[in-house]
Amino acid sequence: MNFFTGFFKAISNSFKGFSMLFEKGLWPYLFYSVGLWLLMWVGSIWLFTEIASQLANYLNQQLNFEEIPDSGAILSFAKPFLTGYFSLIMTWVFKIIFWFISSTFTKYLVLIALSPLFALLSESVEEKTNGKNYPFTFPQLMKDIGRGIVMSLRNMFFEYFLIVLGFIITLIFPPLVIITGPLLILVSWYFIGFTMLDYNFERHKMTISESVKFTRKNIGLACGIGFIYTVFMWLPFFIGLMFGPALAVVGATLSFLELKQKETVI
């Protein structure tokens, strides 16, 4: 499956989630993530905003631009800017950087915390789709939770690595932001999609290496699922918080089942 075929297939299957959620009685899953996400989001934004402000103030104090002479020094001409606007600019630079970090961190915390519910939703979608029933057992639930945590941490590590690499490249070659920016967005979509697909991988007894192989083979599919998740999470009035995760899980499950039926999973 090429990138664009998989991408639009994921979007199409995710929108099928509306009928799946309401017609199949799965709508309670819409409400589980709202409270937890809000708590973590507000807390992390506040924390990282404070850290950004403190770092900017510390940097300003260490540089001590007030001691620059009003005239006769190399930086005298820039003193009004450095004392008046530098701290403000650096504060916002740090806030943007830490916002990016905190949004990624919060995203994975929520995915880890809600992994048992998302696993159950994915299982319910498969049961409603093809009638296959997976009996509930506590040991299997613990295994699913452990697998979800491991995969979320793995994906978070790789995403952070690529984010840092992208920032370094952009700092060295600023014009490359037109390339690194879109690539980092695709990276974020990919790892979200990977996480949503993994609920199916675990249920179908796929190893981590098999899961990685499948996702790399279907990059467009993973990115499409991540795209839906991201777009809905930006919608106001809790609409995104309610529908984003649930639709992504449904889209990932329906897409996986279609590929499995065609025997192209691995």
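Summary table
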read-out: Residue check, Asp198 at pLDDT 90 or above and under 25 Å from Leu259 (Cβ atoms); value: yes
read-out: Residue count, the range 160-176 (criterion: surrounded by 15 or more Cβ atoms within 10 Å (Cβ to Cβ), without any contact (Cβ under 8 Å) to a residue 24 or more places away in the chain and either within 19 Å of Cys223 (Cβ to Cβ) or among the aliphatic types (A, V, I, L, M) (or both)); value: 2
read-out: Sole residue being of a type outside the set (Phe, Trp, Tyr) and surrounded by fewer than 18 Cβ atoms within 10 Å (Cβ to Cβ), chosen from Leu197, Leu183; value: Leu183
read-out: Matching entry among Val212, Val231 (being at pLDDT 85 or above, surrounded by fewer than 23 Cβ atoms within 10 Å (Cβ to Cβ), closer than 13 Å to Ser14 by Cβ and among the hydrophobic types (A, V, I, L, M, F, W, C)); value: Val231
read-out: Residue in the range 73-88 that is closer than 23 Å to Leu186 by Cβ, at pLDDT below 75 and not in a loop (DSSP other than H, G, I, E, B) present; value: no
read-out: Considering residues of the range 1-33 that are of a type outside the set (Gly, Ala, Ser) and in a loop (DSSP other than H, G, I, E, B) only, the residue surrounded by the fewest Cβ atoms within 10 Å (Cβ to Cβ); value: Asn2
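The values are calculated or read from the model by the stated rules, or taken from the named source; none is laboratory data. Keep in mind the model is a prediction, meaning the values are calculated, not measured. Virtual Cβ from ideal backbone geometry, glycine too; neighbours counted across all protein chains shown.
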